[in-house]
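Undergrad: Mind having a look at this structure? Questions to follow.
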Amino acid sequence: MHIPARVHHLWVTLGIAAATALLAACALPLPAGVGQQITERATVAAPPQPSATLAPSATPSATATASPLPSPTPTQPPTATPVPTPTATPTPLMPTPDGQARTATVPILMYHYVSDPPAGADAVRRDLSVSPQRFEEQLAYLRDAGYTGITLADLLLYLTTGRPLPAKPVVLTFDDGYADNYANAVPLLQRYGFTGTFFIITGFLDQGAEGYLTWEQAAQMQAEGMDIQAHSMTHPDLRLVGAERLQQEVQGASGAIEAHLGRPARFFCYPSGRYDARTLDALRNAGYWAAVTTAGGAVHATGGLLQLARVRIHGSNDLGEFKGLIAYYTGG
């Protein structure tokens, strides 16, 4: 059929207009806020990365290397789980015991203050205060006598799995979390090649209590190889508190350490050395692996992980008395 030229020209014009409208419709921008929502969801799972290194993928990577450049907007939300802040350090489960009963003679030394007591200090404060000079003499003796510093985890692994210990192991522990531990104990421990386990009262750090560590100092100590563990939240007599308070004191202390330092506490120090059967159950339920007491001794058994004995170091102990204490408890 013959189509008049005028009609044909009209059809062509209408076709071009319709095509132009369709192309414009396809180029419409996303509704307001959609691109921003996708970007925000993506940045929870992955740090910013340069567009030049982003590999095309249906699911953005959650382990991409961080970069100061802005992140390109992904085309679909990621599936990775958001990373907590601070990033938690994976903590292994309690080692599976091999069923063999063992004993180990390891002096676990108990310190409190590492500083000269202030003028007018009472007898308790003087007894708990080892001067930096005496502390350094003790570390020098341990090093020269062939002792190797270990952690409570090392001791636990030997007692439960038989992982070997050095010939003359020693553990150095510090109760309460005093500020002088950071200022005086840590530098000397590092100088003589030892590590320390510091049992902190987490509520005191939360409150910024005068004379105690801060969380920033505890984090720096941990970064430098020191071991930060739990000494309850408020240092009560755990035998006298109710069930809810008991749970808060033991679980809350571990939770606070995990929140600030990235890993839960696995070792506990009984406030003033006081505990009972109910306290032991609370520690087991809270996931602790072992605990130290104030009872004197240096022989530890597989069946007594929640009742580890220690060697108390008094402020009045001179070097000769210090050597005598080590020899008495180790049979050396």
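Undergrad: Quick one: pull the percentage of alpha-carbon pairs in the stretch 288-332 with a separation above 13 Å.
TA: 58
Undergrad: Sticking with this structure for a sec: What does the extension gain come out to for ALA223 and ALA167, with contour length at 0.36 nm per residue minus their alpha carbon separation? Provide the component values of the computation, followed by the final result.
TA: Numbers: separation 56, 0.36 × 56 = 20.16 nm, distance 2.70 nm.
Working it through step by step, the gained length comes to 17.5 nm.
Undergrad: Just how far, in whole angstrom, is the stretch 295-327 from the stretch 259-288 if you go by their alpha carbon centroids?
TA: For the stretch 259-288 versus the stretch 295-327, the Cα centre distance is 21 Å.
Undergrad: Further question: Using r as the Cβ-Cβ distance of GLN207 and LEU240, and R0 as 25 Å, what FRET efficiency do you calculate, to the nearest 0.05?
TA: After rounding to 0.05, the efficiency reads 0.70.
Undergrad: So what is the diffusion coefficient of the stretch 103-330 in µm² per second by Stokes-Einstein at 37 °C and 0.692 mPa s, using a Kirkwood Rh over Cα pairs?
TA: Translational D for this selection: 186 µm²/s.
Undergrad: What is the diffusion coefficient of the stretch 198-290 in µm²/s, taking the Kirkwood radius over Cα pairs and the Stokes-Einstein relation at 10 °C with a viscosity of 1.306 mPa s?
TA: So the translational diffusion coefficient is about 121 µm²/s.
Undergrad: I need the GluC sites (Glu not before Pro) found in the stretch 153-227, filtered to DSSP loop residues with at most 11 other beta carbons within 10 Å of theirs. Please list the in-between numbers first.
TA: Details: sites: GLU210, GLU216, GLU224; in loops: GLU210, GLU224.
Filter output for the stretch 153-227: GLU210.
Undergrad: Let me check I've understood the local charge: for LEU240, count other residues with C-beta under 12 angstrom from its C-beta, Lys and Arg +1, Asp and Glu -1. What total comes out?
TA: Spelling it out: positives minus negatives among the neighbours equals +1.
Undergrad: How far apart, in nm, are the 7 Å Cα→Cβ label points at ALA123 and LYS323?
TA: Taking the simple label geometry, ALA123 and LYS323 are separated by 3.0 nm.
Undergrad: Among DSSP bridges having both ends in the stretch 103-330, what percentage is antiparallel? Round to the nearest 5.
TA: 15
Undergrad: Counting only other residues whose beta carbon sits under 11 Å from that of HIS231, what net charge do I get with K and R as +1, D and E as -1?
TA: Taking every Cβ under 11 Å from that of HIS231, the sum is -3.
Undergrad: I would also like to ask the following. Taking K and R as +1 and D and E as -1, what net charge do the other residues with C-beta under 10 Å from the C-beta of ALA295 add up to?
TA: My count for the surroundings of ALA295 gives +2.
Undergrad: Place a point 7 Å from Cα of GLN100 in the direction of its Cβ. Which residues in the stretch 288-332 have their backbone N less than 14 Å from it?
TA: Hits in the stretch 288-332 for GLN100 at 14 Å: 302.
Since every read-out is calculated from the coordinates, none of them should be taken as a lab result. All figures in this text were calculated on a predicted structure; none of them were measured in a lab. Cβ sites come from the backbone with ideal geometry, for glycine too, and all protein chains shown count toward neighbours.
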